[in-house]
């Protein structure tokens, strides 16, 4: 009745991790808000399957808000990471060195 889903999307997308162009059918949707099921008014980014496999799939609750809170114009990467680590240690305790 509805036909096969196999040939419906021949577009290519760019993986946000490695920059490779891949067929949309061979990519995974990435939603920085962590809620890919709420689809209204969203523009998804994509990861190729190898990059998708390599990312952490742990919950990202409030991560975007935290990043925006500690981020500032002209902040160096080292300072951003220091602030991020400080906030994580405040929340979860000291980070163990390996």
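The values are calculated or read from the model by the stated rules, or taken from the named source; none is laboratory data. Computed from a predicted structure; not experimentally measured. Using ideal geometry, Cβ is built from the backbone for each residue, glycine included, and neighbour counts are taken over all protein chains shown.
Quick rundown of the values:
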| read-out | value |
| --- | --- |
| Inter-residue pairs, beta-carbon under 9 Å, first loosely packed, with under 11 Cβ neighbours inside 10 Å and in region 56-74, second outside any helix (DSSP H, G or I), 6+ apart | 59/34; 61/34 |
| Test for residue 41: is it farther than 18 Å from residue 16 by Cβ, at pLDDT below 90 and in the same structural domain as residue 19 (by TED's automatic domain parsing) | yes |
| Given (1) loosely packed, with under 10 Cβ neighbours inside 10 Å; (2) modelled with pLDDT of 90 or more; (3) not in a helix (DSSP H, G or I), number of the condition residue 90 does not satisfy | (3) |
| Given (1) under 24 Å from residue 86 (Cβ atoms); (2) assigned to a helix (DSSP H, G or I); (3) out of contact with any helix residue (DSSP H, G or I) (no Cβ under 8 Å at 6 or more places or on another chain), number of the condition residue 25 does not satisfy | (1) |
| Members of region 43-53 found to be outside any helix (DSSP H, G or I) and loosely packed, with under 12 Cβ neighbours inside 10 Å, listed by number | 43 |
| Pick from region 44-61, criterion out of contact with any helix residue (DSSP H, G or I) (no Cβ under 9 Å at 6 or more places or on another chain) and farther than 27 Å from residue 88 by Cα, ranking: modelled with the lowest pLDDT | 44 |
